[in-house]
Amino acid sequence: MGYDPNPTQQGPYGQSQYDVPDLPAIAQQRQKARRGLRMVLSIIGGMVVLGLAAFLAVSLISSLTTAGPRNAVDGFYKANEQQDYAKAYTYLDTSGVSIQGQQYTQPVFVQASQTIDRVVGPVTKYNITNAQVNNDTATVTVDVTRGTSTMAENIRLSKIGNDWKITGLASPGSIH
């Protein structure tokens with residue numbers, strides 16, 4: 001019996017009992033699988049990055065759009081908190097506003113603010129909770145604490161020239 005380079009006897013899996021698995025073919029299959037996995041992970045990663053970039057862009061645009069009204073409201077309440085009513089008055093659009101036929105001047109505003117402080121309590125804390133802008137008008141919601149109670153106040157603003165001015169204030173009710 002001599003050596004037969006082409007054995008005819010089959011092993012249990014249909015291959016010659018002397019056949020050795022094709023190692024380069026297995027390595028190629030693994031490389032293809034890894035390449036496919038890397039491609040899928042790259043696509044998913046790219047989608048996550050694009051989604052995050054879109055979210056940040058929308059947030060930045062929203063922040064830039066509402067910055068003017070937020071700054072005006074923040075300045076108004078900061079001045080009220082410091083009881084600097086003359087400065088708070090500068091954030092108001094008082095054109096066309098009168099109280100009992102009297103023009104709404106700075107001295108009238110200061111007197112009214114001091115009266116509110118005596119009756120309800122001074123502003124001790126405020127928090128801007130929402131801002132919405134529609135072209136040259138805006139609405140900003142602020143939680144304002146005076147004494148022991150906090151009220152939600154809806155501030156209406158208009159863009160006059162380059163400045164945002166407060167045109168109205170409504171207190172829908174006590175929060176707590």
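The values are calculated or read from the model by the stated rules, or taken from the named source; none is laboratory data. As the structure is a computational prediction, the values presented were derived from the model and not from experiment. Here the Cβ positions follow ideal geometry from the backbone for every residue, glycine too, while neighbour counts run over all protein chains shown.
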Scan of region 80-116 for residues that are within 21 Å of THR150 (Cα to Cα), modelled with pLDDT under 90 and touching a helix residue (DSSP H, G or I) at 6+ places or on another chain (Cβ under 9 Å), ordered by number: ALA112, SER113
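How many residues are in a helix (DSSP H, G or I) and either in contact with a strand residue (DSSP E or B) (Cβ under 6 Å, 6 or more places away or on another chain) or without any contact (Cβ under 8 Å) to a residue 12 or more places away in the chain (or both) if we restrict to region 117-163? Give the steps one after another, and end with the answer.
The initial filter retains those residues of region 117-163 that are in a helix (DSSP H, G or I), namely 117-119.
With either in contact with a strand residue (DSSP E or B) (Cβ under 6 Å, 6 or more places away or on another chain) or without any contact (Cβ under 8 Å) to a residue 12 or more places away in the chain (or both) added as a condition, the list becomes 118-119.
Count: 2.
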